[in-house]
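Data first, discussion second: the structure below is written as structure tokens.
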Amino acid sequence: MSGTVSYLFLKLQAMALLVFAQKEAALARFEQMLALRPEDFYALASRAHVLVQLGRKAEARVAQEQLASLHPGNLASWFNLGYMLEDAGEHARAEAAFRRVIELDPKMDRAWYGLALVLIQTRRFDEAVAALKKNTELQPMSPFGWYQLARVHVDRQEPDEAVKIIRHLKGFEPKVAAQLERETGLLASPAVPTS
């Protein structure tokens, strides 16, 4: 059987195994595919994904690092690596991964959000505010960036700024606004329209 046919046969097997939730067996097929094509994007990405599903986080991070290293221009590789590293508490490396995504695509709002989370965890609030402002500019109707931005303003002892955000959220995400009011103790009356 030729290498291409073997690869395709293994790929079909892996896909079928995943359909039937046979993750360990599918993982073995991805490893066999990588033995045939060590830099294959699909096999590398699939291996990392299955390792995460199996709860093998450290191995998944190593696999994701290999994927990002071999395919440095792929946004998803760096983005997923950033979140894996952030989850593992490897803040400096997570920051670098998110900054790589932003370098490749400055309009990827989720990368700005991921970067902001890392900056918040390292208590670099000024930089976190800048990242969150970029996130909310790119994704104005998503409550996640607004929520984190309000929390950072509270941490920076800027309650007036947090109240402005809570008031803004009341216009399109009242549940998130109410959650912020409960968590922070700050009450924001709805904006009064001017005539």
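The values are calculated or read from the model by the stated rules, or taken from the named source; none is laboratory data. Being a predicted model, the structure only gives us computed values, none of them experimental. Quick reminder, even Gly has a Cβ in these numbers, built from the backbone with ideal geometry, and neighbours come from all protein chains shown. Protein only, heavy atoms only, side chains kept; ligands, DNA and RNA dropped before computing areas. Shrake-Rupley method; radii C 1.70, N 1.55, O 1.52, S 1.80 Å.
Return yes when residue 125 is more than 25 Å from residue 56 (Cα to Cα), open to solvent by 50 Å² or more (accessible area, probe 1.4 Å) and touching a helix residue (DSSP H, G or I) at 6+ places or on another chain (Cβ under 8 Å) and no when it is not. The answer is no for residue 125.
Applying a threshold of 6 Å to beta carbon distances and a minimum spacing of six or more residues, or different chains, the list of pairs starting in the stretch 83-107 at a residue that is among the β-branched types (Val, Ile, Thr) and ending at one that is open to solvent by 40 Å² or more (accessible area, probe 1.4 Å) and assigned to a helix (DSSP H, G or I) reads 101/75; 101/78. When the stretch 1-16 is limited to residues that are in contact with a helix residue (DSSP H, G or I) (Cβ under 9 Å, 6 or more places away or on another chain) and small (Gly, Ala, Ser), the one that is surrounded by the fewest Cβ atoms within 10 Å (Cβ to Cβ) turns out to be 3.
Residues are listed down the side, and each one gets a yes or a no for (1) farther than 30 Å from residue 105 by Cα; (2) surrounded by 13 or more Cβ atoms within 10 Å (Cβ to Cβ); (3) under 18 Å from the mean Cα position of the chain (by Cα):
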position	(1), (2), (3)
18	yes, yes, no
23	yes, yes, no
36	yes, yes, no
44	no, yes, no
52	no, yes, yes
81	no, yes, yes
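The single condition among (1) exposed (fewer than 14 other Cβ atoms within 10 Å of the Cβ); (2) touching a helix residue (DSSP H, G or I) at 6+ places or on another chain (Cβ under 7 Å); (3) of a type in the set (A, V, I, L, M) that residue 58 does not satisfy is (2).
Considering only the stretch 177-191, I want to know if a residue exists there that is open to solvent by 70 Å² or more (accessible area, probe 1.4 Å), under 23 Å from residue 64 (Cβ atoms) and part of a helix (DSSP H, G or I). No: the stretch 177-191 contains no residue that is open to solvent by 70 Å² or more (accessible area, probe 1.4 Å), under 23 Å from residue 64 (Cβ atoms) and part of a helix (DSSP H, G or I).
Could you identify the single residue in 163, 129 that is within 19 Å of the chain's Cα centre (by Cα), β-branched (Val, Ile, Thr) and over 15 Å from residue 110 (Cβ atoms)? Before the answer, list the steps.
Working: 163 fails: within 19 Å of the chain's Cα centre (by Cα).
Only one candidate passes the filter, namely 129.
Take residues that are polar (S, T, N, Q), under 27 Å from residue 90 (Cα atoms) and modelled with pLDDT under 95 and tell me which of the helices (runs of 4 or more DSSP H) falling wholly in the stretch 5-77 contain 1 or more. Result: empty, no element qualifies.
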